[in-house]
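The values are calculated or read from the model by the stated rules, or taken from the named source; none is laboratory data. Every value quoted in this text rests on a predicted model; they were computed, and no experiment measured them. Because the Cβ atoms are built from the backbone with ideal geometry, glycine has one as well, and the counts that use them run over all protein chains shown.
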Amino acid sequence: MELRTKNSRGLLLLLLLAGSARPAGAQLGCAGATCTVEITMPVTDVLRLSLGASGVTLGSPTESDYLAGYRDIAGVSVTAKANRAFQVQVGGVSGAFTYAGPLADPAKPASDLRWATSAAGLGSTTNHMGTSSMLFNQGAGAITTALYLRTLWSFTTDVPGTYSLAIRFTFSAP
């Protein structure tokens with residue numbers, strides 16, 4: 001009787017170990033004329049930002065631009081696409097325009113370049129390139145908008161020469 005108990009316990013242990021090696025739950029495969037297969041695919045972030053041009057010419061200000069205090073232009077189109085919520089910020093790389101000319105650098109501030117997403121919005125915009133501001137903040141999808149620019153001009157501070165400002169677009173998916 002003692003021998004049978006030891007053999008029964010060993011056989012029971014062997015059956016438990018063999019049974020635990022099998023995956024639990026429903027199995028994929030074929031049953032009759034129907035087969036089931038599990039397919040998986042990883043989906044990563046898709047973030048794309050594109051600009052309609054790699055540079056924008058603000059144009060040479062005329063006397064009427066100085067008298068008005070500004071000059072407006074249609075800047076560049078901006079397109080953002082993402083498969084998740086995203087943000088795009090825009091701002092000048094530095095706090096002032098780079099100046100090249102025969103006179104002392106007037107240190108024209110980047111805030112003298114204003115922006116809006118419509119020509120009509122330039123008159124009341126508080127957005128400028130002196131700080132980084134939100135251009136887009138939205139859910140997944142695609143959006144294209146034009147960026148309109150207003151350069152402020154003053155007879156007393158904007159001397160002859162060439163002014164340039166690098167602008168940074170920052171695309172993020174928080």
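Does ARG84 satisfy the condition of being among the charged types (D, E, K, R), closer than 17 Å to LEU47 by Cβ and under 22 Å from the mean Cα position of the chain (by Cα)? Taking the combined requirement at face value, the residue satisfies it. Would you say GLY141 is under 14 Å from SER172 (Cβ atoms), modelled with pLDDT of 95 or more and small (Gly, Ala, Ser)? Taking the combined requirement at face value, the residue does not satisfy it.
The requirement of being touching a Lys or Arg at 6+ places or on another chain (Cβ under 7 Å) and among the acidic types (Asp, Glu) is satisfied by ASP72.
Taking segment 53-72 as the range and being modelled with pLDDT of 95 or more and either under 24 Å from the mean Cα position of the chain (by Cα) or acidic (Asp, Glu) (or both) as the test, the residues that pass are GLU63, ASP65, ASP72.
For (1) among the aliphatic types (A, V, I, L, M); (2) in contact with a strand residue (DSSP E or B) (Cβ under 7 Å, 6 or more places away or on another chain); (3) in contact (Cβ under 8 Å) with a residue 12 or more places away in the chain; (4) exposed (fewer than 12 other Cβ atoms within 10 Å of the Cβ), each residue gets a yes or a no:
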{"position": "LEU122", "(1), (2), (3), (4)": "yes, yes, yes, no"}
{"position": "MET129", "(1), (2), (3), (4)": "yes, yes, yes, no"}
{"position": "SER133", "(1), (2), (3), (4)": "no, yes, yes, no"}
{"position": "PHE136", "(1), (2), (3), (4)": "no, yes, yes, no"}
{"position": "GLY139", "(1), (2), (3), (4)": "no, no, yes, yes"}
{"position": "THR145", "(1), (2), (3), (4)": "no, yes, yes, no"}
{"position": "TRP153", "(1), (2), (3), (4)": "no, yes, yes, no"}
{"position": "THR162", "(1), (2), (3), (4)": "no, yes, yes, yes"}
